[in-house]
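Before any comments, here is the structure.
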Amino acid sequence: MDSGVAEGAGKVYIDGNMLAVKALAAAGVETMYGVVGIPVTSLATYAMKVGIKFIAFRNEQSAGYAASAAGYLTGKPGVLLTVSGPGCVHGLAGLSNAMINTWPLVMISGSCTQKDIGKGDFQELDQMEAVKPFVKYSGKASQISEVPEVVSKAFQVALEDQPGGTYIDLPSDVLHENISVEEAEKLLAGVKAAKPMFSRELECHCSESDIQEALSLLHKAEKPLVVFGKGAALSRAEGAIKQFVERSGIPFLATPMGKGVISDTHHLSAGAARSLALRESDVALVIGARLNWLLHFGEPPQWSDSVKFILVNTSKEEMELRRPAVKLVGDARMVMTELNKQWKDSPFSLGDKHPWVEKLKNKASDSVEKMAARLKQDVVPFNFLTPLRIIRNAISSLGSPTPILVSEGANTMDIGRTVFQQLEPRTRLDAGTWGTMGIGMGYSIAAAVESPGRLVVAVEGDSGFGFSGFELETIVRYNLPIVVIIFNNDGVYGGDRRTPEDKEGPLKDFPAPTSFIPCARYDKVMEAFGGSGYFVKEPKELESAVNEAFASKKPALINVRIDPFAGSESGRMHHKN
């Protein structure tokens, strides 16, 4: 059944591949990311026949990162397709990334023929067991009639309560089974379309008394603070959060990927006074963010030992772990909408002259002024700040809609976070909760595919880029508007930084664990695939390259030569290395 459709005994039949793609279409899938091979090549081909785009990657790891980012950007489960065995294992990178970031994703893998399990079949693996630590649900269709139900459940569960990953296992023999079109249509009628999170009527599990308790705490606080994360961005809570912040006059902070939920340029942003805001706040309303390492676990010395937390989160487990003063369990958009409704009954506002607001503004103004003085300098050979300033200014000149910024690397990402301004929600994608390196090209491709016509700018450390650099070919193949900018400092953190004492022993002349080929020409790799490549060492060269590349909105790579001794080992995580 080469086309997935056949006739016999007066009936029309379809095979398991065709039934699977019809179920995916019924579930609302528009795009899949993955790598084809045994036994799922026909599945991907048939997906295109029914109108589902298949974005073919060079490695399942990058495809998985793309699918996880697609879930975040669209609010619907991203879809990853892999082959069996090692393909499934490679896909676990994306599946686990979705789990830790609480993004909806459905991973689909082919698997070996069921009757040959235990015999050492081709790419045999107990994939249901392999995915178990990373999923909310896993389902195996052991016969063709089970395919629609497994597909439907996987998509629904991925979006329920706290979003996350689910898994569908499709054995090779099931994909080659046949079923009549009449029977298939009956089964497909039961598949539910997965609506985006922000278009669903999600529940607010908190009571009216919980809401009132939270408002009372904030009202009585002398130094209240609002903190929001990427969970708020995922739920499309930006309107409700901005309304609450502007009504109450409470200053706010964003986690790295929460930046843009309210513009970094908003007058109540305390981003440039982050340490002071955390250290002195007495009540913190934390929305769609976990009190993990990114927020110093909510503990001293970064936070006051007497601070009272009000947590807005879908995770009941997070509430039990942190034991906040007030638990507001539910979707961030729904909870904040309810807070705004009840705020009307007891309104309050700090006002621009409130001592806490003025203190943070003064500190932020001082920090911005100091950073501006550092950014003003043209440092050659390049440090990190000079090229970041040039890129920031070029992005700012484009206006709205702003490009989607993807960033990974130690110094490149950490320093860039303090330089780049996010003006709109969901326009910053970075290493996230796990600090994952290798996400850059996958995230960039997903951003370009899910936001058609929008420029994507990937600012990459040379080490981070190397994890998925061959996806440049994927970018060119689909002619995506992605400009990759590599900060090339010869290796991890900056090439060979060993002390004389470390350069001893029989392997003293062997390449350092952190070093790459000096001055590698990544731009030539992009050119080899048909994109535009630039190699720059001077400010004027970089200005010309970014302006030309941004204007073209075509695949391009700018290789920026950085002083290998600029920045620091491990970026801002040096204490852990």
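Quick notes
- Per the listing G351, G399, the residue uniquely surrounded by fewer than 16 Cβ atoms within 10 Å (Cβ to Cβ), in contact with a Gly (Cβ under 8 Å, 6 or more places away or on another chain) and not β-branched (V, I, T) is G351.
- Meets criteria (assigned to a helix (DSSP H, G or I) and either closer than 28 Å to L73 by Cα or open to solvent by less than 40 Å² (accessible area, probe 1.4 Å) (or both)) for L388: yes
- Taken over the stretch 367-385, the criterion of being open to solvent by 60 Å² or more (accessible area, probe 1.4 Å) and part of a helix (DSSP H, G or I) is satisfied by V368, E369, K370, R374, K376.
- When the stretch 47-94 is filtered for residues that are buried (at least 24 other Cβ atoms within 10 Å of the Cβ) and of a type in the set (S, T, Y), the ones remaining, listed by number, are S62, Y65, S68, Y72, T82, S84.
- Scanning the stretch 528-563 for residues that are touching a residue at least 24 places away in the same chain (Cβ under 8 Å), open to solvent by 30 Å² or more (accessible area, probe 1.4 Å) and of a type outside the set (S, T, Y) gives F529, G530, F535, K537, E538, E543, N547, K553, K554, R561, D563.
- Taking residues in the stretch 428-440 that are in contact (Cβ under 8 Å) with a residue 60 or more places away in the chain and under 16 Å from L455 (Cα atoms), and partners anywhere that are surrounded by fewer than 22 Cβ atoms within 10 Å (Cβ to Cβ) and basic (K, R), the pairs with Cβ atoms closer than 9 Å and at least 6 places apart or on different chains are R428/R417.
- Number of the exception - S444 against (1) open to solvent by less than 30 Å² (accessible area, probe 1.4 Å); (2) under 24 Å from I250 (Cα atoms): (2)
- Conditions (1) open to solvent by 20 Å² or more (accessible area, probe 1.4 Å); (2) at pLDDT 95 or above; number of the one not met by I475: (1)
- Residues that are charged (D, E, K, R) and open to solvent by 50 Å² or more (accessible area, probe 1.4 Å) within the stretch 331-348 comprise E338, K341, K344, D345, listed in sequence order.
- Candidate set from the stretch 447-467 (those that are touching a residue at least 60 places away in the same chain (Cβ under 8 Å) and crowded, with 24+ Cβ neighbours inside 10 Å); member that is nearest to S407 (Cα to Cα): V459
The values are calculated or read from the model by the stated rules, or taken from the named source; none is laboratory data. Keep in mind it's a predicted model, so treat the numbers as computed, not measured. Neighbour counts run over all protein chains shown; Cβ positions are idealised from the backbone, glycine included. In case anyone asks, the SASA skips ligands and DNA or RNA and just uses the protein heavy atoms, side chains included. Shrake-Rupley method; radii C 1.70, N 1.55, O 1.52, S 1.80 Å.
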